[in-house]
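The values are calculated or read from the model by the stated rules, or taken from the named source; none is laboratory data. Keep in mind it's a predicted model, so treat the numbers as computed, not measured. All Cβ positions, even for glycine, are placed from backbone atoms using ideal geometry, and neighbour counts span all protein chains on display.
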Amino acid sequence: MVSRVANQGVLAEDVIAQMLHQGLQNQFANKKVLVLIPDHTRSLPLPFLFRALVEVLADTSQLDFMVALGTHPPLTNEQLFKLVGIRSEEKDKHFKHVGHTRG
């Protein structure tokens, strides 16, 4: 599967999503999960990865994301939403379970 590489020499998003599903699906059902993500000083397709992880980890009891800021200043909500590629309206509608315990 790793040999399926996009023209740019990187793994295609469908390959990454398939690997995430194979490795993580049903592994953390009803568990609390914390995902550490890099801040804006690192380069990666974080909006895609955020959405893919939220999808594959949908069966967790709690799903949190923590930005590894190091010595950088904390992010505002708007900066955080931009980092993971969502709008505040999406947070309230589609991602309200992220960062909150499900009852």
Qualifying residue in the stretch 74-88 (condition: touching a Gly at 6+ places or on another chain (Cβ under 8 Å) and not β-branched (Val, Ile, Thr)): no
Unmet requirement for LEU34, which otherwise passes all of (1) out of contact with any strand residue (DSSP E or B) (no Cβ under 7 Å at 6 or more places or on another chain); (2) exposed (fewer than 14 other Cβ atoms within 10 Å of the Cβ): (1)
Residue in the stretch 19-38 that is assigned to a helix (DSSP H, G or I) and free of Cβ contacts under 8 Å to residues at least 12 places away in the same chain present: yes
Pair list, Cβ under 8 Å, 6 or more apart: the stretch 66-80 residue assigned to a loop (DSSP other than H, G, I, E, B), other residue modelled with pLDDT under 90 and polar (S, T, N, Q): HIS72/THR41
LEU20 surrounded by 15 or more Cβ atoms within 10 Å (Cβ to Cβ), under 14 Å from GLY85 (Cβ atoms) and either out of contact with any strand residue (DSSP E or B) (no Cβ under 6 Å at 6 or more places or on another chain) or modelled with pLDDT of 95 or more (or both): no
Residue check, ASP92 among the charged types (D, E, K, R) and under 12 Å from the mean Cα position of the chain (by Cα): no
Failed item in (1) part of a helix (DSSP H, G or I); (2) modelled with pLDDT of 90 or more, with GLU89 passing the rest: (2)
Matching residues, the stretch 37-57, being surrounded by fewer than 12 Cβ atoms within 10 Å (Cβ to Cβ) and either hydroxyl-bearing (Ser, Thr, Tyr) or within 23 Å of GLN25 (Cβ to Cβ) (or both): THR41, SER43, LEU44
